[in-house]
1. In terms of modelled amide H atoms, which long-range or inter-chain residues lie less than 5 Å from the amide H of W80?
2. Lys pairs in segment 277-442, Cα-Cα under 12 Å, at least 8 apart or on separate chains: how many?
3. What is the fewest-to-most order of R192, R332 by other Cβ atoms lying within 10 Å of their Cβ?
4. Among bridges DSSP assigns within the chain, what percent are antiparallel (round to 5)?
5. For the chain, what does the helix formula give at 222 nm: sum of -39500 (n - 2.57) over DSSP H segments with n ≥ 4, over the residue count, nearest 500 deg cm²/dmol?
6. Going Cα to Cα from K202, which lysines come in below 17 Å? Please leave out same-chain ones fewer than 8 positions away.
7. Can you list the aspartates and glutamates whose alpha carbon is less than 14 Å from that of K114, not counting same-chain residues fewer than 8 positions off?
8. Which aspartates and glutamates have a Cα less than 15 Å from the Cα of K88, not counting those fewer than 8 places away in the same chain?
Amino acid sequence: MKIRSFILFALSSLIIAECQAKIYFVAINGNDTANSGTLTAPFATIMRAQKATLAGDTVYVRGGKYLMAENQIARKQRIWAMMHLLDKSGAPGKRINYWAYPGEKPVFDMTNVKPLNQRVMAFNVTGSWIHIKGIEVTGTQVTQTGHTQSECFHNEGSHNIYEQLSMHDGQAIGFYLIRGSDNLILNCDAYRNWDYTSEGGKGGNADGFGCHPQPGSTGNVFRGCRAWFNSDDGFDCIRAAETVTFDHCWSFYNGYSTEFKNLGDGNGFKAGGWGLVKDERVPDSIPMHIIQFCVAVHNRANGFYSNHQPGGSYWYNNTAYENGTNFNMLNRTSDITTDVPGYNHVLKNNLSFEPRTYETQWIDSTKCVVLNNSFSIPIKVSKTDFVSLDQSQLTAARKKNGNLPDIDFLKLKNNSKLIDKGVDVGFKFAGNAPDLGAFETK
Ligand code: CA
Ligand code: CA
């Protein structure tokens, strides 16, 4: 075969391979038995669509409310009831996509799903190379009064993307991970989730986002996500054996009901931590988490919290406002027996403004790298540094592509003394140096 005809052959094979990726549709008026999953004859359920898919295929989920019923539970296994079980994997470069149909909003309403003595997972994703986008889950229930939890999205696979998902007004954790590597949770919102059923109804089990990877589950990243009015914490990676990254995420009003009644722990970002007793789960090498360009506002307890972690984390360019304590670096000794001031943390370019009680707590600056934070340099932050202190902007609608909205809240005025007061931590910045806090002034 001559080179030119070989190239033509290769190109046409490639095009044929591309064309083989199929598209399926799921709609409220669909039918799993009579229909073949086309636009005009859609399936009724994602579970039926999964059966049809191969790596590289896309399932478009049409808009509207999918009122889920208990007889639709895909699998009941021991203590769990999985409404959806996405256990079919895509392949590298050929994810299976479950996407909201462009311009439409599919809502999975779990209100009526109350399996006795079982934990509910609205979506259990055990497959890998899956991309879920634009789906809303609401009303996920907790049915047990003892220690338990339910979850909107539960990940066990790797290389998955969770994008523009919205998990709200339920009793469940929004997103939860204990195993799986290199997952990206992008531009998702978890809000008004309060477990008022279990353990006295204090809501201590419902975080917005929970990420607790076991050893070997590396590279999980949360980017552009928001968590508010979740009854426990906004973002929580207690008992994470591997590094978790929180990048450009906002966490506010967690640990409260919408009437600001005190509920669970109420931390904006809970970076790590272990129980009081050293057990086999504590890894030999304690991970350093990465929390950067994040915003924590008026969480019940701490904005940024090290939570008795037996080691340090990286805290870069975060902004904390009106939290009980804005930055609390409380650590434990390596044998997990004694609380001590935070050690091995790297804190750079962070901005603390008007905490309800403390700017910082538990930082042993002789054992940490503490550079150019508003609380570690002689500078006084005041209202006049900010363009706006209007907190309502935090819940503004996202951009069309799902990115966080452009807001003025906590952005620095052009003449703020906090501009260019940071140190270079390897990210792009404007002017002569990075600014303090999460928003760089152009
Ligand atoms: Ca928690
Ligand atoms: Ca700058």
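Just so you know, all these numbers are worked out from the coordinates, no wet-lab data involved. Since the model is a prediction, treat every value here as computed from it, not as a measurement. When we count neighbours, we look across all protein chains shown, and the Cβ atoms used for this are built from the backbone with ideal geometry, even at glycine.
1. R119
2. Here the count comes out as 8.
3. Ranking R192, R332 by Cβ neighbours within 10 Å, fewest first, gives R192, R332.
4. Roughly 10 percent of the beta bridges in the chain run antiparallel, per DSSP.
5. Here the helix-only value at 222 nm equals -2000 deg cm²/dmol.
6. K261
7. Leaving aside aspartates and glutamates fewer than 8 places away in the same chain, those within reach of K114 are E70, E151, D195.
8. D57, E156
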